[in-house]
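Quick notes on the structure that follows.
No lab work stands behind these numbers, since they all come straight from the coordinates. Here the structure is a predicted model, which is why all the values come from computation and not from measurement. Positions of Cβ are generated from backbone atoms using ideal geometry, with glycine treated the same way; all protein chains shown enter the neighbour counts.
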Amino acid sequence: MPGETGKTWNFDGDKPDAPPIGLSFARTGQGPQGKWLAKAVPDAPSRGNVLAQTDADDTDYRFPVAKDDTFADAGKVGVWTKADSIIYFDDLTAEAL
């Protein structure tokens, strides 16, 4: 909504190799929901943990999802990635326009 500052997700305080606190996980399409973990990545811009989708299952039409309810009423925020790859996110920021 106008005037809101947005939100930045930072995973540096989460335990490495465990699911980050405050997110829930699901999938759209078919196959397993994916495996999301906080991963220690020394060369990450934040110099700490990143959010990693570590399951490279290649089920067709499979989209792993990590979500929280920050923007549940203000619209939708989405980040799309290749479903059969391992993806890292570091300090992901979303702002209302």
Label point distance in nm, Asp58-Thr8, each placed 7 Å from Cα along Cα→Cβ: 3.8
Hey, can you rank 23-31, 48-56 by average C-beta count inside 10 Å, highest first? 48-56, 23-31
The long-range amide H neighbours of Phe63, using H built 1.01 Å from N in the peptide plane and a cut-off of under 5 Å, are Thr28, Gln30
With x for Gly and Pro, the residue-by-residue ³J(HN,Hα) of region 60-68, computed from phi through the Karplus equation 6.51 cos²θ - 1.76 cosθ + 1.60 at θ = phi - 60° and given in whole Hz, is 5, 6, 10, 9, x, 10, 10, 9, 9
Search the structure for amide H atoms under 5 Å from the amide H of Leu92, placed 1.01 Å from N in the peptide plane, and list their residues when 5 or more places away or on another chain. Trp9
Which value in Å is the Kirkwood Rh of region 1-70 over different Cα pairs? 13.4
From the phi of every residue in region 34-44, what ³J(HN,Hα) in whole Hz does the Karplus formula 6.51 cos²θ - 1.76 cosθ + 1.60 yield, where θ is phi - 60° and glycine or proline is x? x, 10, 9, 9, 7, 10, 6, 10, x, 9, 5
